[in-house]
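The structure under discussion is supplied below as structure tokens; questions concerning it will follow.
The values are calculated or read from the model by the stated rules, or taken from the named source; none is laboratory data. Fair warning: this is a prediction, and the values are worked out from it, not measured in the lab. Cβ sites come from the backbone with ideal geometry, for glycine too, and all protein chains shown count toward neighbours. SASA here: full protein model, heavy atoms, side chains in, ligands and nucleic acids out. Shrake-Rupley method; radii C 1.70, N 1.55, O 1.52, S 1.80 Å.
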Amino acid sequence: MSLIKFIEFKNLGDERGNLVSFEENKNIPFDIKRVYCIYATKDNTVRGLHAHKTLKQVAIAINGCCKFILDNGLNREEAILDTPTKGLLIDSCLWREMHDFSDDCVLMVLASDIYDESDYIRDFQRFIEAVY
Ligand code: T46
């Protein structure tokens with residue numbers, strides 16, 4: 001089964017322009033406890049490089065584009081985020097890396113919990129040991 005799970009958001013726009021809506025436990029499959037944005041990312045930056053023990057997230061490129069790598073320790077797959085109508089569901093226990101941010105990329109992430117550094121696994125070897 002693919003590690004890349006996209007959620008398609010309906011464009012509710014009309015002749016005035018576009019509109020997308022994100023609702024907890026409707027088109028977002030969890031309670032939304034936190035929202036954060038990554039923007040003005042410097043050229044050639046790689047972010048992420050960690051996994052979460054329990055956190056679930058949906059990442060949406062509100063503007064511009066970027067690439068995500070998801071890795072479960074066995075398989076590594078890449079996704080491109082390039083439209084507000086497409087969200088990447090990032091389940092817990094997946095290593096993630098983000099790269100190739102466009103200059104205008106605004107990456108919004110909806111998270112199932114508040115920030116908790118103890119939920120992060122920031123070492124790939126420790127991640128492998130935790131999942132296997
Ligand atoms: C993830 C990927 C997709 C906070 O204080 N609160 C927050 O809500 C977040 C997200 C971060 N921080 C602090 C922790 C670090 O001192 O902000 C600093 C930068 O965070 P980090 O290096 O973890 O950022 P990324 O871009 O590598 O990872 C982020 C999320 O942290 C992570 O949960 O899955 O985006």
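Between 54, 45, 83, which is near the ligand (Cβ under 10 Å from one of its atoms), in a loop (DSSP other than H, G, I, E, B) and touching a residue at least 12 places away in the same chain (Cβ under 8 Å)?
Values: 54 fails: near the ligand (Cβ under 10 Å from one of its atoms); 83 fails: near the ligand (Cβ under 10 Å from one of its atoms).
Result: 45 is the single residue among 54, 45, 83 that is near the ligand (Cβ under 10 Å from one of its atoms), in a loop (DSSP other than H, G, I, E, B) and touching a residue at least 12 places away in the same chain (Cβ under 8 Å).
Search the stretch 95-118 for residues being among the charged types (D, E, K, R) and within 13 Å of the chain's Cα centre (by Cα), and hand back the single one that is most open to solvent (accessible area, probe 1.4 Å).
Just the residues of the stretch 95-118 that are among the charged types (D, E, K, R), to begin with: 96-97, 100, 103-104, 113, 116-117.
Subsequent filtering for residues that are within 13 Å of the chain's Cα centre (by Cα) retains 96-97.
Working: 96: 7, 97: 28 Å².
For the stretch 95-118, the residue satisfying everything is 97.
A further question follows. Just give me the residues in the stretch 96-121 being near the ligand (Cβ under 10 Å from one of its atoms), in contact with a strand residue (DSSP E or B) (Cβ under 6 Å, 6 or more places away or on another chain) and outside any loop (DSSP other than H, G, I, E, B), in sequence order.
Once the filter is applied, which keeps residues that are near the ligand (Cβ under 10 Å from one of its atoms), in contact with a strand residue (DSSP E or B) (Cβ under 6 Å, 6 or more places away or on another chain) and outside any loop (DSSP other than H, G, I, E, B), the stretch 96-121 yields 96, 97, 98, 107, 109, 111, 119, 120.
OK, next. How many of the residues making up the stretch 12-36 are touching a Pro at 6+ places or on another chain (Cβ under 9 Å) and loosely packed, with under 14 Cβ neighbours inside 10 Å? Before the answer, list the steps.
Let us first name the residues in the stretch 12-36 that are touching a Pro at 6+ places or on another chain (Cβ under 9 Å), namely 18, 20.
The next check asks that each one be loosely packed, with under 14 Cβ neighbours inside 10 Å; those that pass are 18.
Of the residues in the stretch 12-36, 1 are touching a Pro at 6+ places or on another chain (Cβ under 9 Å) and loosely packed, with under 14 Cβ neighbours inside 10 Å.
On to the next question. Against the definition (more than 14 Å from the ligand (Cβ to nearest atom), farther than 28 Å from residue 123 by Cα and without any contact (Cβ under 8 Å) to a residue 60 or more places away in the chain), how does residue 18 come out, yes or no? I'd like the intermediate steps shown before the answer.
Working: more than 14 Å from the ligand (Cβ to nearest atom): yes; farther than 28 Å from residue 123 by Cα: yes; without any contact (Cβ under 8 Å) to a residue 60 or more places away in the chain: no.
When the stated conditions are applied, residue 18 does not pass them.
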